[in-house]
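The values are calculated or read from the model by the stated rules, or taken from the named source; none is laboratory data. In this text, all values refer to a predicted model and were calculated from it rather than measured experimentally. So basically every Cβ, Gly included, is an ideal-geometry build from the backbone, and we count neighbours across all protein chains shown.
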């Protein structure tokens, strides 16, 4: 038992050391990094759905690095990640799953519009606003889009007794096909759960 506890305590330390190595030392002194550090500090102190400060710092730094190829601005990445984490945790979804879904749906373009009229990061169909009686909301606003998307996915997860394949297919309107859920799983394993 003591060995298990020691190993569990070393994992977070190893992750922090790995993250320190990943962040280039030459970038520490730039003005942009100072702003990023301040944003990171504020995000950690806000504790928006995080277990503790350490979890917040590790997750935000790790996911910010992973989100870099999609969004170049570190400030924009952190703001998005804080919102994704909060909205996903609010409805008991893995934030990494939400990131994978956004990657597939919009490639992180908050102004994306599909050929069928779905809007924003999580590609929400506008009828959902009327469906739940909040038609005055703007689906291009990140927080609104994430709240709607996470709530809809949670609704489908509950409807399908947490069968992720079926819930994702429902989210996409392709129930009976595995193509869309497989795209999400591929993004999840390639970018968001990668070791």
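Consider region 87-98 and keep the residues that are free of Cβ contacts under 8 Å to residues at least 60 places away in the same chain and part of a helix (DSSP H, G or I). The one that is surrounded by the most Cβ atoms within 10 Å (Cβ to Cβ) is 98.
From the list 65, 42, the one residue that fits, being part of a helix (DSSP H, G or I) and at pLDDT below 90, is 42. Among residues of region 126-137 that are on the phi < 0 side of the Ramachandran plot and at pLDDT 80 or above, those with a beta-carbon under 9 Å from a residue that is part of a loop (DSSP other than H, G, I, E, B) and exposed (fewer than 10 other Cβ atoms within 10 Å of the Cβ) at least six positions away or on a different chain give the pairs 129/136.
Exactly one of these conditions fails for residue 122: (1) closer than 27 Å to residue 55 by Cα; (2) part of a helix (DSSP H, G or I). Give me its number. All conditions are met except number (2). Consider region 67-85 and keep the residues that are without any contact (Cβ under 8 Å) to a residue 60 or more places away in the chain, more than 20 Å from residue 189 (Cβ to Cβ) and in contact with a helix residue (DSSP H, G or I) (Cβ under 8 Å, 6 or more places away or on another chain). The one that is surrounded by the fewest Cβ atoms within 10 Å (Cβ to Cβ) is 75.
Residue-by-condition table, conditions (1) surrounded by 17 or more Cβ atoms within 10 Å (Cβ to Cβ); (2) under 16 Å from residue 100 (Cβ atoms); (3) without any contact (Cβ under 8 Å) to a residue 60 or more places away in the chain:
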{"residue": "141", "(1), (2), (3)": "no, no, yes"}
{"residue": "147", "(1), (2), (3)": "yes, no, no"}
{"residue": "152", "(1), (2), (3)": "yes, yes, yes"}
{"residue": "165", "(1), (2), (3)": "no, yes, yes"}
{"residue": "169", "(1), (2), (3)": "yes, yes, yes"}
{"residue": "173", "(1), (2), (3)": "no, no, yes"}
{"residue": "177", "(1), (2), (3)": "no, no, yes"}
{"residue": "180", "(1), (2), (3)": "yes, yes, no"}
